[in-house]
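The values are calculated or read from the model by the stated rules, or taken from the named source; none is laboratory data. No experiment lies behind these values; they were computed from the predicted model shown. Cβ sites come from the backbone with ideal geometry, for glycine too, and all protein chains shown count toward neighbours.
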Amino acid sequence: MNQYSLSSQFQGAFLGTVLGYRLGQIKPRSENLSPGCSLNWGELIPQLAQSLIKYQGFNPIDYWALVANQREEPRKLEISQKPSIPCPQGLNSGSEVAIVGFPLALFFHDNLIYLKQLRSNSPEQVASIWDGVLVMATAIAEILTQNPELDQLIPNLLKLLPTESALTAKLEQVQTLLQQKASLETAVHQLTQTSKLSYSPQATVPNHFDPENWTALALGFYCFLSTPEDYSLTVLRSLQTRYHPEITAAISGALSGAYQGYIAIPVKWRLEFQYPSIWPLTHPEIENNPVKPNPTQGELLQLSQGLFALWSGVYRPLQPMVIGFS
């Protein structure tokens, strides 16, 4: 039985994903970096949550504009009056979309119909990109229940997906690895070596974007489900994969934080957020790399509390939330 309050779980999920990202940033990066990957999730995720609070819901133009503006060379954002734009700009893989969609997944975890509508309003060739957001939202929804059955989490997620898709194949692999009690080394080898389904880029998808690369998301789910009772172990194992550790650890950190609540995050790690820290906005190799202070623990908790209040219907917009990282 889940013994943590929903408020604590919101805080745990929010702090857990940003902390996972930050820890991944200071670990050795994988050799196969996604081309053009330059988003600072530690700054972007709080901004996306603030967008939800500001508009008291999902404003696709503002939400995706924040993503586009994070790139060192922001791409032109296609403005659309539809509930979603064709493709989130500035992203490089399906796993990254799942992270960018994390605030949406947390906020709409009990309204999966709305997320499915966002998928249906997208062009067919990129609609599967939204599956990552839907998977994260469904996983969080099950985790936040009083009696989550983690052994049924992957099977339940598979029911939502097409029988033949790259994400389905990856999650099926994760389920097999969990059933076999496979080691982390085996999981990393199998999940990173399996060939992807054939994919032909569509006109609406940027050339560098690979929506079928769900490896980091799969590894994040594996690390969480193989050690669900220990946040620090889950994140450390995610870092040990050395496969885009900032994305893998952010995903597993979100799931583990949601499951165990804020209190499960080690105090020593939480203290890293006590004061503003300076982190690169892009890859360290890029010259003239701009830096900004990342949000502190207090600012992140204030955001998560605001998002929880809005979700629960008790948010009071007359008490504006001023966050110092903007």
For residues that are surrounded by fewer than 19 Cβ atoms within 10 Å (Cβ to Cβ), at pLDDT 95 or above and β-branched (Val, Ile, Thr), tally how many sit in the range 160-186. 2
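Is it the case that some residue within the range 141-159 is farther than 30 Å from residue 300 by Cα, of a type outside the set (Gly, Ala, Ser), modelled with pLDDT of 90 or more and not in a helix (DSSP H, G or I)?
Within the range 141-159, one or more residues are farther than 30 Å from residue 300 by Cα, of a type outside the set (Gly, Ala, Ser), modelled with pLDDT of 90 or more and not in a helix (DSSP H, G or I).
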Could you please give the count of residues in the range 187-205 that are among the charged types (D, E, K, R) and at pLDDT 90 or above? 0
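So which residues in the range 160-180 are part of a helix (DSSP H, G or I) and among the acidic types (Asp, Glu)?
172
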With criteria (1) of a type outside the set (D, E, K, R); (2) buried (at least 23 other Cβ atoms within 10 Å of the Cβ); (3) assigned to a loop (DSSP other than H, G, I, E, B); (4) at pLDDT 85 or above, residue 39 comes up short on (4)
Being farther than 20 Å from residue 247 by Cβ and either basic (Lys, Arg) or more than 18 Å from the chain's Cα centre (by Cα) (or both) is true for just one of 177, 158, 144. Which residue is that? 158
Looking only at the range 206-227, how many residues end up being farther than 16 Å from residue 179 by Cβ, modelled with pLDDT of 90 or more and surrounded by fewer than 21 Cβ atoms within 10 Å (Cβ to Cβ)? 0
So the check is Cβ under 7 Å with 6+ separation or different chains; which pairs have a first residue in the range 85-105 that's part of a helix (DSSP H, G or I) and buried (at least 24 other Cβ atoms within 10 Å of the Cβ) and a second one that's modelled with pLDDT of 85 or more and of a type in the set (Ser, Thr, Tyr)? 95/215; 102/17
